[in-house]
Amino acid sequence: MPIHEKSLIRPENITTHDELVIEGVDVSGHWSTFIESRVISDYNEAMEEEIAALPGGENIHRCWQCGSCTNSCTVHAIEPRFNPRYWIYLIRTGMESELLRDKDLIWKCVSCNKCTYACPRDVVPEGVMKATAHWLEMKGHVPESPSMTFDKIFTEQIVEHGKIEDTKVLMQFLKRTNQPLLQDWLKQIVWNIGMRTPVKWGLKSAWNFVFHPRTRGWKKAGAAIQDYIIEVEQHHKSALGVDKSTAANSNAQQHNLHAAE
Amino acid sequence: MSKPILIVGGGPAGLAAAHAVASIGHRSVLVEKAEIFGGAPIQSGYAKLVPSGLWAKDAIGGMVRRVENNSQIDRKLNTVVKTFDGTPGNFVAELSDGTRVEAGSAILTTGFTHFDSVNKPEWGFGLFPDVVTTTQVEQMISSGKGVRCPSDNRKPKRVAILLCVGSRDRQIGREWCSKICCTVSANMAMEIREELPETHVYIYYMDIRTFGLYETDYYWKSQEEFKVKYIKARIAEVTSDGKQLIVKGEDTLVKRPITIPFDLVVHAIGMDPNVDNMTLSAVFGVDLHKQGFIARKDTYGVMGATSRDGVFVAGAAIGPETIDDSIAQANAAALNAIAAATGNNLQAAE
Ligand SMILES: Cc1cc2nc3c(=O)[nH]c(=O)nc-3n(C[C@H](O)[C@H](O)[C@H](O)COP(=O)(O)OP(=O)(O)OC[C@H]3O[C@@H](n4cnc5c(N)ncnc54)[C@H](O)[C@@H]3O)c2cc1C
Ligand code: SF4
Ligand code: SF4
Ligand code: SF4
């Protein structure tokens with residue numbers, strides 16, 4: 001097939017051989033330039049079903065590709081490669097490798113929901129972006145995102161104590177995301193809050209920080225919530241065909257890859 | 001006493017016209033070429049109809065029985081009209097069975113002919129047994145056998161429905177949209193998913209024309225409740241790798257070529273002008289539309305008028321039409337045909 005649009009040829013799809021002889025003819029160097037086929041040779045129906053199984057992805061199958069989400073998108077306005085309409089299509093037809101090219105963009109959705117209000121079919125593209133980011137993490141295609149780490153710390157504290165201790169959430173978050181505790185902006189905030197807080201409240205906060213008391217009668221509720229979280233997580237994992245070990249493995253692989261880069 | 005109305009073609013339109021004429025006490029002669037009444041939905045064994053959801057054999061079968069039980073209607077099967085002469089109020093027709101019919105006026109409800117997919121050889125019909133038409137799938141469903149691959153009777157895991165086969169295609173001289181095939185295909189996709197929930201159904205389209213209220217009941221419903229997938233691509237070629245069918249084309253949304261394996265490929269065939277239209281035009285002295293359907297003289301004034309006074313037309317004979325609109329047109333034509341037969345003056349609105 002002749003090439004009408006050179007822009008469609010990606011550098012990584014061009015291969016040449018420094019030394020190559022075919023049937024006695026020397027085709028070394030640019031004489032052996034090959035362009036990898038762009039042909040889509042199958043659909044993968046599982047991908048849409050997997051995303052649809054995660055919270056926010058439920059309505060992905062409604063999309064008719066009108067582009068209203070992308071047109072209205074806050075992030076698209078400053079980063080044209082951020083294209084929810086396109087990603088939804090890739091997921092629906094199962095073009096996984098194509099989606100993975102944008103894996104470092106998808107999580108950048110700012111959840112402004114402008115797309116949600118523009119979408120004529122109630123796909124809730126914001127939810128689909130969330131589900132897709134979640135899917136990328138669960139499949140081990142990307143390392144755990146900072147927001148996921150934050151959510152986990154938040155949830156852990158709720159389950160354990162029935163309430164959160166802001167300072168502890170922040171400290172653990174910084175620790176788990178390998179950030180220094182003393183950052184200028186943080187010092188500034190703490191200082192400002194400290195200066196404006198009445199002494200009585202300050203003491204109360206300090207007490208809470210040290211002892212982190214549990215909400216009265218929380219033990220049972222916390223256990224029930226924990227059970228529910230495990231159940232839902234298990235449901236999501238089996239929908240994606242990832243049990244703990246494979247996810248951990250691919251996560252590890254991912255980290256190795258990053259280390260190698 | 002004025003003479004009967006001659007109605008040619010016993011499909012939904014002809015059956016509706018005969019009933020309408022009889023319902024105001026007027027006689028008619030219903031001439032049908034085939035050996036049964038009912039037109040395309042009965043002769044081709046359609047399954048559940050759009051938009052009623054009724055089985056064709058019940059819905060259109062009911063129209064046939066209503067006509068068969070009416071003594072005002074003189075019915076003739078396996079018959080065509082050989083000659084037709086005279087003026088409004090005083091026509092004389094000669095039928096192929098030798099009878100002579102005196103008629104006050106005539107209504108042509110001679111319908112359409114299904115597009116023959118052999119005329120698009122690149123899409124594999126006639127070459128591969130698992131390439132079928134919408135009428136064949138209608139029959140698989142209406143016969144109760146279910147949707148199967150004809151080659152080995154297996155349940156298809158993946159089905160492609162190709163829209164606009166024999167429509168909107170200048171290459172084969174068919175520029176019209178057949179109007180109902182988008183909706184029929186969406187309906188069929190839902191029927192397939194209902195029978196075979198594990199089967200994935202893809203519809204390849206250029207535009208989706210599920211007009212009016214069909215939008216949500218067919219297009220949206222097929223996506224939202226039945227997870228039918230729509231891919232914007234006009235297929236270039238259907239081939240086979242010896243095991244499965246291979247559908248080739250361009251996925252226009254990602255600007256990439258596709259070669260996707262399928263078990264069953266369904267052509268959403270269009271509605272051609274009736275192959276008899278040249279003959280009908282000569283016998284009845286009516287003009288044809290440039291696309292080969294029977295031309296209407298007037299859009300707003302006298303419903304169903306043709307270029308010949310006293311000869312009316314209704315249904316898919318005019319162009320691609322739905323059953324319910326064919327019936328509406330037949331009722332309008334019946335009113336005007338009676339007026340012409342009884343000598344009442346028909347005036348156009350222009
Ligand atoms: C696959 C498919 C599915 C469809 N499904 C639906 C649906 O679900 N709902 C819907 O509304 N529409 C549907 N349609 C459209 C529907 O078939 C037409 O609207 C309907 O058949 C038109 O009725 P008619 O009486 O005008 O013509 P026809 O049904 O074509 O009837 C014409 C009759 O005239 C007879 N005849 C032809 N020539 C002569 C002659 N020279 N002399 C005497 N008799 C003659 C024929 O034998 C036939 O009985 C479908 C069409 C297709 C192709
Ligand atoms: S919610 Fe996300 S995808 Fe939607 S408009 Fe905002 S940034 Fe874009
Ligand atoms: S606005 Fe909705 S229907 Fe349109 S492309 Fe985006 S998700 Fe799909
Ligand atoms: S109704 Fe749809 S399938 Fe039929 S000719 Fe028109 S656009 Fe094509």
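Worth a mention:
- For a straight C-alpha distance cut-off of 17 angstrom, the aspartates and glutamates reachable from B:Lys82 (same-chain residues fewer than eight places away being disregarded) are B:Glu32, B:Glu94, B:Asp97, B:Glu102, B:Asp276.
- Stokes-Einstein D (µm²/s) once Rh is taken as the Kirkwood radius of chain B over alpha-carbon pairs, at 4 °C in 1.567 mPa s: 61 µm²/s
- Cα point-scatterer Debye curve for the stretch B:170-246, base-10 log of I(q)/I(0) at q = 0.22, 0.25 Å⁻¹: -1.07, -1.19
- Projected over every direction and averaged, the convex hull enclosing the alpha-carbon atoms of the stretch A:1-151 yields 11.9 nm².
- Projected onto planes of every orientation and averaged, the convex hull of the alpha-carbon atoms in the stretch B:218-326 covers 11.0 nm².
- Computed over chain B, the per-residue total of -39500 (n - 2.57) for DSSP H runs of n ≥ 4 gives a 222 nm mean residue ellipticity of -7500 deg cm²/dmol, rounded to 500.
- Free-standing Cys, the protein assembly as shown [no other Cys Cβ under 4.7 Å]: A:Cys63, A:Cys66, A:Cys73, A:Cys109, A:Cys112, A:Cys119, B:Cys149, B:Cys164, B:Cys177, B:Cys181, B:Cys182
- Applying the Karplus relation 6.51 cos²θ - 1.76 cosθ + 1.60 with θ = phi - 60° to the stretch B:186-193 yields 3J(HN,Hα) values of 4, 5, 5, 4, 5, 5, 5, 5 Hz, where x marks Gly and Pro.
- Pairwise FRET efficiency - A:Asn192 versus A:Ile78, Cβ, R0 = 35 Å, nearest 0.05: 0.70
- Counted charge near B:Ala20, where neighbours are those whose Cβ lies closer than 13 Å (Asp, Glu -1; Lys, Arg +1): +2
- Sorting A:Met171, B:Met278, A:Met138 on solvent-accessible area from highest to lowest, probe radius 1.4 Å, gives B:Met278, A:Met171, A:Met138.
- Once the Cα atoms are used to define both axes, helix A:218-240 deviates from the longest principal axis of chain A by about 0 degrees.
- When the stretch B:117-270 is reduced to its Cα atoms, the Kirkwood hydrodynamic radius in Å: 15.5 Å
- For the chain pair B and A, buried accessible area totals roughly 2500 Å², probe 1.4 Å, rounded to the nearest 100.
- Over chain A, dividing the summed -39,500 (n - 2.57) contributions of all DSSP H runs of at least 4 residues by the number of residues returns a 222 nm mean residue ellipticity of -17000 deg cm²/dmol.
- Summary value for chain A: 17 percent relative contact order, contacts being C-alpha pairs under 8 angstrom separated by 6+ residues.
- Compactness ratio for chain A: Cα radius of gyration over 2.2 N^0.38 Å (N = residue count) comes to 1.34.
- Per-selection Rg to Rh, the stretch A:84-128 - Cα, Kirkwood hydrodynamic radius: 0.98
- Applying the Karplus relation 6.51 cos²θ - 1.76 cosθ + 1.60 with θ = phi - 60° to the stretch B:299-306 yields 3J(HN,Hα) values of 8, 10, x, 9, 4, x, 5, 9 Hz, where x marks Gly and Pro.
- For the segment A:40-46, counting C-beta atoms of other chains within 10 Å of every residue's C-beta and taking the mean gives 5.
- Scattering profile of the stretch B:92-191 at q = 0.18, 0.19, 0.22 Å⁻¹ [log10 I(q)/I(0), Debye over alpha-carbon scatterers]: -0.93, -0.99, -1.24
- The stretch B:20-70: Cα Rg divided by the 2.2 N^0.38 Å rule of thumb: 1.25
- Normalised Debye scattering of the stretch B:23-149 at q = 0.13, 0.14, 0.15, 0.21 Å⁻¹ gives log10 I(q)/I(0) of -0.73, -0.80, -0.87, -1.23, counting only Cα atoms as equal scatterers and leaving out solvent.
- Each of A:Ile164, B:Ile323, B:Pro129 was scored by the projection of its Cα onto the charge dipole of the protein assembly as shown, and the greatest displacement toward the positive side belongs to A:Ile164; charges sit on the C-beta of Lys, Arg, Asp and Glu.
- Note on B:Lys255: aspartates and glutamates with a C-alpha under 19 Å away, same-chain residues under 8 apart excluded, are A:Glu5, A:Glu12, A:Glu36, A:Asp42, A:Glu96, A:Glu98, A:Asp102, B:Asp207, B:Glu237.
- Rg and Dmax [Cα atoms of the protein assembly as shown; Å; Rg one decimal, Dmax integer]: 34.0, 114
- Per-peptide packing, taken as the mean over residues of other Cβ atoms within 10 Å, places B:226-233, B:260-267, B:317-324, A:201-208 in the sequence B:260-267, B:317-324, B:226-233, A:201-208 from highest down.
- The distance from the alpha carbon centre of the stretch B:17-40 to that of the stretch B:80-149 is 16 Å, rounded to a whole number.
- Partners for A:Lys175 among lysines (Cα-Cα distance below 28 Å; same-chain residues under 8 apart left out): A:Lys103, A:Lys108, A:Lys130, A:Lys139, A:Lys152, A:Lys163, A:Lys187, A:Lys204, A:Lys219, A:Lys237, A:Lys244
The values are calculated or read from the model by the stated rules, or taken from the named source; none is laboratory data. On a predicted model such as this, the values are computed, not experimentally measured, just so you know. Every residue, glycine among them, receives a Cβ derived from its backbone with ideal geometry; neighbour counts consider all protein chains shown. We work out accessible area using only protein heavy atoms, side chains counted, and drop any ligands, DNA or RNA first. Shrake-Rupley method; radii C 1.70, N 1.55, O 1.52, S 1.80 Å.
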